[in-house]
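Inspection log for the structure reproduced underneath, given as structure tokens.
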Amino acid sequence: MPTLVLRNVPEDLYQRLKETAAAHRRSMTQEAIVSLRTALDGLQEQPPKLDVEDTLEWLRRELWSLPVLDRRSDDEILGYNDHGHFD
């Protein structure tokens, strides 16, 4: 199994790892492996971030092109009566 050596670990990070390892009853090595695995797995599961133009294109293609099935007016949907009061 490969070995990984970390140098110049910031003190605050070292302390957090030490405290977390103690709380989980793990060695610091075990805790570091779990933390790295969790962080890297989380990166792989996230979809790529779209920029504004890609997002707008998706909305136009997938959402805004859907037919409107509800023929009520905005006021009817919101619950306003003919006098502009909320029912």
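In terms of packing, defined here as the mean over residues of other Cβ atoms within 10 angstrom, the peptides 4-12, 20-28 line up highest first as 20-28, 4-12.
What is the local net charge at Leu50, summed over the other residues whose Cβ is closer than 14 Å to its Cβ (Lys, Arg +1; Asp, Glu -1)?
Value of the local net charge: -2.
Residue-wise HN-Hα couplings along region 49-58, as the Karplus relation 6.51 cos²θ - 1.76 cosθ + 1.60 with θ = phi - 60° gives them from phi, are 6, 9, 7, 4, 5, 5, 5, 4, 4, 4 Hz; Gly and Pro carry x. Mind telling me which of Val68, Val52, Val34 comes out most flexible in a GNM of the chain, alpha-carbon contacts under 10 Å? So, out of Val68, Val52, Val34, the one fluctuating most is Val68.
When shorter helices are ignored and each DSSP H run of at least 4 residues is given -39500 (n - 2.57), the per-residue value for the chain at 222 nm works out to -15000 deg cm²/dmol.
[x] 23, 18, 12; [y] 54, 21, 12; [z] 30, 19, 12: which one is semi-axes √(5λ) of the Cα gyration tensor in Å as calculated from this entry? Structure-derived value, by its label: [y].
Between Leu43, Pro2, Ala21, the Cα set farthest toward the positive side of the dipole of the chain (charges on each charged residue's Cβ, about the Cα centre) is that of Pro2. With r as the distance between the Cβ atoms of Ser35 and Glu11 and R0 = 22 Å, compute the FRET efficiency 1/(1 + (r/R0)^6) and round to 0.05. Calculated transfer efficiency: 0.85.
What is the dipole size for the chain, taken about its Cα centre, with +1 at each Lys and Arg Cβ and -1 at each Asp and Glu Cβ, in debye to the nearest 20?
940
Laboratory data are not the source of any read-out in this text; all were calculated from the coordinates shown. Computed from a prediction, not measured in an experiment: that's the story for all the values here. Positions of Cβ are backbone-derived with ideal geometry, glycine not excepted, and every protein chain shown enters the neighbour counts.
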